[in-house]
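One structure is given below, encoded as structure tokens.
FYI, it's all coordinate maths here, none of it is from the lab. These numbers come from a predicted model, not from an experiment. Please note: Cβ atoms are built from the backbone with ideal geometry, for glycine as well, and neighbour counts cover all protein chains shown.
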Amino acid sequence: MRAALIDRFGGPEELHIGEVPVPEPSAGEVLVRMLSAGTNPLDYKIRDGSSGMAKKLTADDFPLILGREGCGVVEALGPGVSGLEVGQTVFGMPALTHRAGCYAEYAALPVNCLAPVPVDADPIVFGGTALVLSTALTAAIDQGRVSEGENVLIHGGTGGVGQLAVQLCRRAGAQVWATASTRNQDRLVDLGANPIDYSTQDFTQASPKMDLIIDGAYFDTFLPSLDHLVEGGRIVVLPSLADLTPAKERGIEAHIPVFGPMPDRLAELAPDVASGALSIEVAEVLPLDRVADAHRQLETGHSRGKIILDLR
Ligand SMILES: NC(=O)c1ccc[n+]([C@@H]2O[C@H](COP(=O)([O-])OP(=O)(O)OC[C@H]3O[C@@H](n4cnc5c(N)ncnc54)[C@H](OP(=O)(O)O)[C@@H]3O)[C@@H](O)[C@H]2O)c1
């Protein structure tokens, strides 16, 4: 099968398309013929060796297939697998400890990370859903505990995770403000957020103090955000390597999303993703051999919605 591989950590030029054997599903896994794979900042952080997951890789893991979420058709069941059928279209993200990569024609994925895709839904959209939706659920609901009537601010409201965080917080009945650059203000309005243009406005002046801040940007936003919380306010910072010490020292509740596969919650929300009631914005669809372009775009830190690889 064709797959996007790296032989060592490095820049986007390390990504190359290679021919590798179709993986055999082990016990608890299914072989999935991939239709699409989402790209995420995590992927370039694994590629360049900077992510926590990359630091756990050994020489035996190379050549490494990248890609942590995707959508495809169940081709075969591994030993002892039940709950899914051959021919079913599924989507999901393996746990970070699992080595399967989704930038490939086939992937052997744990059955317990997969949820069914509704009939007639767009497989491209579902390729880019599992990781961002799981992150947004963890940030907004589990750690953020957003509730009706609260004021919430989301930094990076038009990113892959940010767009879903805005929508989940709105659904919970919160008033939402969100930041983005000038060109993305229209999307913030479409999502139902009060838009803040971080390139021309100071968010601390443009919005009231918040019950919850979900910070997808971190570097310029984290410290001023701590002063922009009401007494007892919470902050959830998305980048995994963020240093929460300044919040903890002040007694402010602060989290970084850490989560495992949540197929039941993904399955529950899949009809809303399929109908667009929960909108995943597909900014660009690229073929597998343009995967390096996807990484270059993600690394700018200014991609909007999702860049998805079409593997059909
Ligand atoms: N902890 C976890 O498990 C987990 C899971 C998923 C993602 N993450 C991390 O969360 C971060 C966001 O992920 P993502 O997939 O949403 O990224 P993304 O799709 O690349 O989006 C990043 C967004 O940030 C916005 N942005 C850039 N600079 C900003 C600033 N100074 N203030 C406000 N917004 C700014 C950009 O909007 P403009 O183009 O308008 O500037 C862009 O839309 C990444 O660091 C990612 O690695 C962590």
*Dipole moment magnitude, nearest 20 debye, segment 132-255 about Cα centre, only Lys, Arg, Asp, Glu C-beta charged*: 240
*Rounded to the nearest 500 deg cm²/dmol, what is the calculated helix-only ellipticity per residue at 222 nm for the chain, with -39500 (n - 2.57) per DSSP H run of length n ≥ 4?*
-6000 deg cm²/dmol
*Which percent, nearest 5, of DSSP beta bridges in the chain are antiparallel?*
55
_Overall form of segment 13-60 per C-alpha gyration tensor (a/c, 1.5; a/b vs b/c)_ = prolate
*With a sphere of radius 12 Å drawn around the Cβ of residue 78, what net charge do the other residues whose Cβ falls strictly inside it have (Lys, Arg +1; Asp, Glu -1)?*
-3
*asked:* To make sure I understand the rule: partners must be aspartates and glutamates, Cα under 12 Å from the Cα of residue 248, and not fewer than 8 residues away in the same chain. Which ones qualify?
replied: none
*Dipole magnitude of segment 180-312, debye to nearest 20 (Cβ charges: Lys/Arg +1, Asp/Glu -1, about Cα centre)*: 140
*May I ask for log10 I(q)/I(0) of segment 72-135 at q = 0.16, 0.20 Å⁻¹, from a Debye sum over the Cα atoms as equal point scatterers with solvent left out?*
-0.51, -0.81
*For residue 244, what charge total do you get from the other residues with a beta carbon under 11 Å from its beta carbon, if Lys and Arg give +1 and Asp and Glu give -1?*
-2
*HN-Hα J couplings of segment 198-205 from phi, Karplus 6.51/-1.76/1.60, θ = phi - 60°, integer Hz, Gly and Pro as x?*
5, 7, 10, 10, 9, 4, 6, 8
*16 Å reach of a label modelled at residue 277, 7 Å along Cα-to-Cβ, counting backbone N of segment 158-186*: 167-173
*Two-decimal Rg/Rh of the chain from alpha-carbon positions, Kirkwood Rh?*
0.97
*Would you mind checking segment 122-162 for residues with the amide N under 12 Å from a putative spin-label position 7 Å along Cα→C-beta of residue 265?*
131-146
*For peptides 118-130, 234-246, 155-167, sequence by mean Cβ density within 10 Å, most packed first*: 155-167, 118-130, 234-246
*Starting from segment 93-161, pick out the GluC sites (Glu not before Pro) whose DSSP state is loop and whose Cβ has at most 10 other Cβ atoms within 10 Å.*
148
*So which aspartates and glutamates pass the test for residue 209, namely a Cα distance under 13 Å, with those fewer than 8 places away in the same chain ruled out?*
150, 227, 231
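Using the Cα atoms as the points, what is the convex hull volume per residue of segment 176-312 in Å³?
Values: hull volume 20.6 nm³, N = 137.
Cα convex hull per residue, to the nearest whole number: 151 Å³.
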*Among rounded, prolate and oblate, which fits segment 132-255 when a ≥ b ≥ c are the square roots of the eigenvalues of its C-alpha gyration tensor, a/c under 1.5 means rounded, and a/b larger than b/c means prolate?*
rounded
_Under 27 Å from residue 306, Cα to Cα: lysines that are on another chain or at least 8 residues apart_ = 45, 55, 56
*Where N is the number of residues in segment 154-206, Cα Rg divided by 2.2 N^0.38 Å*: 1.00
_Net charge around residue 112, counting only other residues with Cβ within less than 14 Å of its Cβ (Lys, Arg = +1; Asp, Glu = -1)?_
-1
